[in-house]
Amino acid sequence: MSGLLSGQFAIITGAASANGLGKASARLFAEHGATVAILDLDLTAAQGAAADLGPGHIGLACDVTDRDACQRAVDQLLAQWGQIDVLINNAGITQPLKLMDIQGANYDAVLDVNLRGTLYMTQAVTPHLRRRQRGSIVNISSVSAQRGGGIFGGPHYSAAKAGILGLTKASARELAVDGIRVNAVCPGFIATDITAGKLTDDMLVGIKAGIPLGRPGRADEVAGCCLFLASSLASYVTGSEVDVNGGSLIH
């Protein structure tokens, strides 16, 4: 199948959730010719999500907070594929806590999955991408990082996602000489499994009032941005943070 990622191999972390950003990106990447590896904590869910994409795609269990696990997953994929072209650091968790309610364990959990996981996966693929002198890494941040909070995430979530923006820019600066591009996507309020069933009608009205486009985003709209950044259409884009939030940051 021809497409923007024809003949390329992509890793997407945290992509087993049926209605999540990672799964939407995996689906779109596959439609554009990529062979995709879905990494998730749950092996059965990862394999099922990969099977949904069609034959040839791979589901692997991987805890992104474990550096050795990240390296093992990358090594296994390189042994099977021979190359990796794209990494989407999508794995993340959130917690709806106020500033004074954040405990050490909350901080560790949210910072580790979002920020440490992004670092470890980037470290795992970088030697291979350097050898090939090419590659695209896309990190999923959040409008919460830019405006200091979103709908659900507490201050530690904003901090983790802001850390991803700093990591993205520093990685882009360091890896540019090797032909590796690193960019971040900052989604706003997206209708996914995380928000399903947790919003009252009044809350939804208030949320929409803060979005110039007047509606929540869809997972496939974030996936489209990831596809652009992963593809050769964005060959001169690195170190950027792209807003996919319906205009909520300017509101």
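Per-residue answers, yes or no, for (1) buried (at least 16 other Cβ atoms within 10 Å of the Cβ); (2) out of contact with any Gly (no Cβ under 7 Å at 6 or more places or on another chain):
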{"position": "GLY163", "(1), (2)": "yes, yes"}
{"position": "GLY166", "(1), (2)": "no, yes"}
{"position": "ALA170", "(1), (2)": "no, yes"}
{"position": "CYS186", "(1), (2)": "yes, yes"}
{"position": "GLY217", "(1), (2)": "yes, no"}
{"position": "ASP220", "(1), (2)": "no, yes"}
{"position": "CYS225", "(1), (2)": "yes, yes"}
{"position": "ASP243", "(1), (2)": "yes, yes"}
{"position": "GLY247", "(1), (2)": "no, yes"}
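Scanning region 71-118 for residues that are within 22 Å of ALA159 (Cβ to Cβ) and either out of contact with any Gly (no Cβ under 8 Å at 6 or more places or on another chain) or of a type outside the set (D, E, K, R) (or both) yields a total of 29. Residues in region 6-34 that are within 24 Å of TYR120 (Cα to Cα), surrounded by fewer than 24 Cβ atoms within 10 Å (Cβ to Cβ) and polar (S, T, N, Q): GLN8, SER17.
Name the pairs whose Cβ atoms lie under 9 Å apart, with the first residue in region 145-167 and free of Cβ contacts under 8 Å to residues at least 12 places away in the same chain, the second small (Gly, Ala, Ser) and assigned to a helix (DSSP H, G or I), and 6 or more positions between them or separate chains? Taking only residues 6 or more apart or on different chains, the pairs are GLY148/SER158; GLY148/ALA162; GLY149/SER158. Against the criterion of being over 21 Å from ARG181 (Cα atoms), outside any strand (DSSP E or B) and modelled with pLDDT of 95 or more, MET121 does not qualify. Determine whether ILE211 is over 19 Å from the mean Cα position of the chain (by Cα) and exposed (fewer than 15 other Cβ atoms within 10 Å of the Cβ). The answer is no for ILE211.
In region 81-118, which residues are part of a helix (DSSP H, G or I) and of a type in the set (D, E, K, R)?
So in region 81-118, the residues part of a helix (DSSP H, G or I) come out as 81, 99-101, 104-118.
Answer for region 81-118, where residues must be part of a helix (DSSP H, G or I) and of a type in the set (D, E, K, R): ASP101, ASP108, ASP112, ARG116.
When every residue of region 77-84 is checked against the conditions, at least one turns out to be in contact (Cβ under 8 Å) with a residue 40 or more places away in the chain and closer than 22 Å to THR238 by Cα. Comparison of ILE164, ILE194, ILE180 shows that the only residue that is modelled with pLDDT under 95 and aliphatic (A, V, I, L, M) is ILE194.
The values are calculated or read from the model by the stated rules, or taken from the named source; none is laboratory data. All figures in this text were calculated on a predicted structure; none of them were measured in a lab. When we count neighbours, we look across all protein chains shown, and the Cβ atoms used for this are built from the backbone with ideal geometry, even at glycine.
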